[in-house]
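To start, the structure itself, in structure tokens.
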Amino acid sequence: MVKDRFLGYQCSLCSAQYSPQEVTYTCPKDGGNLDVILNLEGLKGKNLFEWVNSEESSLWRYLPLLPLQESMGEGTPFRAVGWTPVYRATRLAEDLNLNALWIKDESRNPSASFKDRASSVVVARAREIGAEVVVTASTGNAGAALACMAAALGQKAVIFAPKTAPPAKIAQLLIFGAKVLLVDGNYDQAFDLSVEASKTFGWYCRNTGYNPFTAEGKKTAALEIAEWWLTLRKQTEFGKLGVHPQKPLSIFVSVGDGNIISGLHKGCKDLAAIGVLPGENVETSNAPLGVRIFGVQSQGSAAVANAYFANTEKITPVSASTIADSISVDLPRDGVRAVRAARQSGGAYVLVSDQQILEAIAELGKIGIFAEPAGATAYAGLKKAIQSGLIERDDPVLVLNTGSGLKDVKAAMQAVPQAPIIEPTVEAVKNHLPF
Ligand SMILES: *Cc1c(COP(=O)(O)O)cnc(C)c1O
Ligand SMILES: [Zn+2]
């Protein structure tokens, strides 16, 4: 029964289908990203709460909707990925003139970013197929996540990162005991090198927008959001929130390669396929999944948004430059599905400047959330979307903080004024009062 759950893959470009044994990464015909096809028969028509394993406070509570045989890593960081907290951001909502705003804090994952979701599922897959070594190219977070998950299970990991990656991320890679190779080049060059190395040495490659299992891991955030949203809507307080009862939840997420947003979309589509989310006609509904997904990019790294605005699925590479290193990508590896995620869910793309990203870091800080630049980008995008009329006062909104501010302290320090250095006297303190 469990064995039949993972049926194979379907190419997102040419729709060709493959069995699990036929391919490992992308479509052999056109290089398209592959969607994992699952056997959802057993779940169809069932209430989400009937099949979720509520004893698991991690992404493994959704195992029945993952292409894996079993959860593993009992009592380790591996088992602790996901099930991240959702905070009600009342003061920020007031500032933005919104009735209800929530932040889902992915910095609470074991390696402090959203990437743990993908890496745990890929490492689980590596174990199932008996891969000895896992490898990835990374701007830092994907590598840290893979190294962390591999360490938790005693698996060997090789990480290629640009030598310019923030030091805290490189420290994580080294501390988790991965073989770390810093590439004298950008992320895109590290990516190509890691694929070649994986072919040469037979390593199992986790690369974002290349390995189909990453989106399966990332979709678990959508499953959590759906479970949280369905639970919230049942509560009597829901009516008092001031959100329009018919309006879909609007989710904001930052986009680099486009794999997180594609994973969120896949999660919503899987839920629609079994009847947990609406799944109306894409042509006639403005939010067919009952959830709208908004992608946010930095103006300096906007290849996916450019395609969205040009109303095409053709991704043209840019020469990326942004303070948000985790979303600094010349050629997004999951661009086509990322464009579709916003378009097909009734969401949109939004662009923000580095200055707006820095302001967003400071504003999230004031409610107790420390985001790295790429994490705060989603919140900056929400502000932009409100300004341009995409989001209205009674829209329910959830913003994902995808990574911890501790990963890039240098960027954080640019978001706030410096602290004064004073003589150790009360007189000196008085000079700085009132505050
Ligand atoms: C990787 C990453 C993103 C973007 O994810 P993509 O799949 O590349 O679009 C956003 N924020 C953080 C913190 C990340 O590490
Ligand atoms: Zn194809």
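The values are calculated or read from the model by the stated rules, or taken from the named source; none is laboratory data. Only a predicted model underlies this, so the values are computations on that prediction, with no experimental measurement involved. Cβ: placed from backbone, ideal geometry, glycine included. Neighbour counts: every protein chain shown. Just the protein is used for accessible areas: all its heavy atoms, side chains included, with ligands, DNA and RNA removed. Shrake-Rupley method; radii C 1.70, N 1.55, O 1.52, S 1.80 Å.
Taking 0.36 nm per residue of separation and subtracting the current Cα-Cα distance, fully stretching the chain between residue 238 and residue 179 would add 16.3 nm. The 3J(HN,Hα) values that the Karplus relation (6.51, -1.76, 1.60; θ = phi - 60°) gives for segment 78-89 are, in residue order, 4, 7, 9, 6, x, 6, 7, x, 10, 9, 7, 9 Hz. Gly and Pro appear as x.
Projecting the Cα positions of 126, 84, 58 onto the charge dipole of segment 45-159 (unit charges on Cβ atoms of Lys, Arg, Asp and Glu, taken about the Cα centre) puts 126 furthest along the positive direction.
The residues of the chain present an accessible area of 41 Å² per residue when probed at 1.4 Å with all protein chains retained.
Please name which of 368, 309, 16 has its Cα lying farthest along the dipole of the chain towards the positive end, using unit charges on Cβ (Lys, Arg +1; Asp, Glu -1) and the Cα centre as origin. Among 368, 309, 16, the one farthest towards the positive end of the dipole of the chain is 16. Between segment 33-60 and segment 203-234, the C-alpha centres lie 11 angstrom from each other. Ordering 144, 220, 236 by the projection of their Cα atoms onto the charge dipole of the chain, which places +1 on the Cβ of Lys and Arg and -1 on the Cβ of Asp and Glu, puts 236 at the extreme positive end. Taking segment 283-297 and a reference point 7 angstrom along Cα→Cβ of residue 246, the backbone N atoms nearer than 12 Å belong to 286.
Give me the distance between the Cα centres of segment 131-146 and segment 290-353, rounded to whole Å. Segment 131-146 and segment 290-353 have Cα centres separated by 23 Å. When every Cα-Cα distance of the chain is counted in 20 angstrom steps from zero, the calculated P(r) takes the values 27, 59, 13, 1 percent.
Surface composition of the chain: carbon plus sulfur atoms contribute 52% of the solvent-accessible area (1.4 Å probe, protein chains only, all chains present). Dipole magnitude for the chain: about 320 debye, using +1 per Lys or Arg Cβ and -1 per Asp or Glu Cβ, origin at the Cα centre.
Largest mean-square fluctuation among 12, 345, 119, in a Gaussian network model of the chain whose springs join Cα atoms under 10 Å apart, belongs to 12. Counted over the chain, the DSSP beta bridges are approximately 30% antiparallel. Could you tell me which of the pairs 156/269; 46/234; 46/240; 247/383; 44/199 are separated by over 27 angstrom between their Cα atoms in the structure shown? Over 27 Å Cα-Cα: 156/269; 46/240; 44/199. Extension gain for residue 353 to residue 392 (0.36 nm times residue separation, less C-alpha to C-alpha distance): 11.8 nm.
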